[in-house]
Amino acid sequence: MSEPLLQAVNLECERDTRLLFHNLSFSILPGTVTRVEGPNGTGKTTLLRILAGLNDAFSGDLLWCGEPRSHLRESFLRNTLYLGHRPGIKPLLTPLENLRALMAGRRRVTDDTLSQALAGTGLAGFEHVPCRNLSAGQQRRVALARLLIADEPLWLLDEVFTAIDAGGVKAIEALLQQRAQEGGAVLVTTHHDLQLPGMQRIILGGGERDDN
Ligand SMILES: Nc1ncnc2c1ncn2[C@@H]1O[C@H](COP(=O)(O)OP(=O)(O)OP(=O)(O)O)[C@@H](O)[C@H]1O
């Protein structure tokens, strides 16, 4: 069996004196998709931001490839793709400029590759339109274009189905599955009824974790 990419051991997080989760332990293995579930306000975004290294207000341990994540922070950040629940798109920039900016400091990618990724998310012909003139779903698709050029083994995706139409949802589901088949690992929060073969679940809000 392969080594976990990411392990959480006894995570606990409190916000405004409200305990969101405690004794939360799980392992994220290569080749898996895990859905973080729970009603509104139970801490799904908080958990993803903790896992992505964007929130340090927790106790417990996080291991990256078997070592404390704090010792391997650079390797962890280089190998992790986080998409937050807001698209994180700059409205005055075009899709091509946004994607270029999102890739900056990560990997050198040609404009041809970026344009192909945008076309792959249904944005052919919109590459040079300021994002403020795009619909909510189209803006989300600009952010999602990163998934088509991402080589990071761990994806942390928060509510990426928001504002996406039925065809787009199917395409994202296929991408997540493909990523796992290629040996990557995906953690996703969504209120969409995502059902993928072999999908693992982390249930917040008083439920139990259930590995199928
Ligand atoms: N910036 C903040 N400061 C203080 N408390 C916050 C902040 N953001 C969120 N919270 C609180 O943390 C709790 C968890 O929020 P979080 O966004 O992680 O939940 P969620 O499960 O992702 O919810 P949703 O399904 O609505 O997206 C909520 O009770 C919320 O009130």
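Please treat every number below as a calculation from the coordinates, not as lab data. Everything numeric here is computed off the predicted structure, so don't read it as measured data. All Cβ positions, glycine included, derive from the backbone under ideal geometry; neighbour counts span all protein chains shown.
Given an 8 Å cut-off on Cα distances and at least 6 residues of separation, report the relative contact order of the range 73-194 as a percent.
With pairs under 8 Å counted, the relative contact order is 31 percent.
Rg over Rh of the range 87-151, using C-alpha atoms and the Kirkwood radius, what does it come to?
0.91
Loop by DSSP (not H, G, I, E, B), at most 14 other beta-carbon atoms within 10 Å: where is the longest site-free stretch of the chain for GluC sites (Glu not before Pro)?
The reported range is 1-181.
Just want to confirm a number: the relative contact order over the range 87-151, from Cα pairs under 8 angstrom separated by 6+ residues, in percent.
Relative contact order comes out at 47 percent.
Could you work out the Kirkwood radius for the chain, taking every pair of different alpha carbons, averaging 1/r and inverting it, reported in Å? Walk me through the numbers before you get to the answer.
Values: mean 1/r = 0.0562 Å⁻¹.
Across the chain, the inverse of the average 1/r is 17.8 Å.
Starting from the Cα of residue 192, step 7 Å along the direction of its Cβ; do the same at residue 10; then give the gap between the two resulting points in nm.
Once both label points are built, they end up 3.8 nm from each other.
List the residues, sorted by chain then number, that are 5 or more residues from residue 82 or on another chain and whose placed amide H is less than 5 Å from its amide H.
Residues meeting the amide H criterion: 156.
Take the alpha carbon atoms of the range 1-15, find their center, do the same for the range 114-159, and report the distance between the two centers in whole angstrom.
Centre-to-centre (Cα) distance: 29 Å.
Taking every DSSP beta bridge that has both residues in the chain, what percent is antiparallel when rounded to the nearest 5?
On the way: 15 of 33 bridges.
Within the chain, antiparallel bridges account for around 45 percent of the total.
Which FRET efficiency value, to the nearest 0.05, do you get for residue 129 and residue 165 by plugging their Cβ-Cβ distance into 1/(1 + (r/R0)^6) with R0 = 25 Å?
Efficiency computed from Cβ-Cβ geometry: 0.85.
What is the log10 of I(q)/I(0) for the range 123-189, computed with the Debye formula using one identical point scatterer on each Cα and no solvent, at q = 0.17, 0.21 Å⁻¹?
Values returned for q = 0.17, 0.21 Å⁻¹ are -0.63, -0.91.
Note down the magnitude of the dipole of the range 87-151 about its Cα centre, charges +1 on Lys and Arg C-beta and -1 on Asp and Glu C-beta and zero elsewhere, to the nearest 20 debye.
Roughly 240 debye for the range 87-151.
I'd like the FRET efficiency for residue 23 and residue 86, computed as 1/(1 + (r/R0)^6) with the beta carbon distance as r and R0 of 41 Å, rounded to 0.05.
Approximately 0.85, to the nearest 0.05.
Using only alpha carbon pairs under 8 Å that are at least six residues apart, calculate the relative contact order of the chain and give it in whole percent.
29
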